[in-house]
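One structure below.
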Amino acid sequence: MDQADVVRAIGERVAVDANGPVALVEGLKGREKRFTLVIDALDEAADTRGITKLLRELAPIPHVWVAVGTRPNEHTEDAERRFTALGPRTVEIDLDDPRYLGSDDIARYVERRLLAEHGPRRHTPHRGLPA
């Protein structure tokens with residue numbers, strides 16, 4: 001995915017005629033309704049720099065909320081904030097921090113996947129057999 005793909009996808013979602021990043025940003029500035037944008041695996045995108053540049057323009061818009069899943073910047077001097085590309089108001093949640101991972105979280109995840117209780121159409125020989 002590259003910047004043009006992201007611009008097109010956002011424009012379609014919010015009904016903004018965006019023929020490029022500038023038009024998208026201006027179109028979103030003109031809206032009042034809150035828009036939440038979630039980008040996962042930014043560091044794996046084909047055009048990380050272009051998408052980051054777009055997000056840097058969108059993030060300051062008060063009613064646009066941007067959540068980014070990414071690995072930390074490779075070279076950051078600020079030990080408290082490992083992802084700095086979106087500016088000084090960035091709030092980082094480090095999911096590797098022990099407070100976000102309980103000792104039984106992985107076991108519960110595996111159990112849910114095996115039992116497929118939340119995926120009624122998914123076939124599993126373990127459904128209804130938690131033991």
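Read-outs: derived from the displayed coordinates by stated rules, not from any lab. Remember, it's a predicted structure, so these values are computed and weren't measured experimentally. Please note: Cβ atoms are built from the backbone with ideal geometry, for glycine as well, and neighbour counts cover all protein chains shown.
Numbers at a glance
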item: Option label - P(r) over Cα pairs in 10 Å bins from 0, in percent computed here, alternatives (i) 12, 35, 28, 17, 7, 1; (ii) 11, 31, 24, 23, 11, 1; (iii) 14, 47, 31, 8, 0; result: (ii)
item: Contour minus Cα-Cα distance for Val22 and Glu117 (0.36 nm per residue); result: 29.7 nm
item: R0 of 30 Å, Cβ-Cβ distance Ala107-Arg71: FRET efficiency to nearest 0.05; result: 0.75
item: Relative contact order (%) - criterion: Cα under 8 Å, at least six apart; region: the chain; result: 17 percent
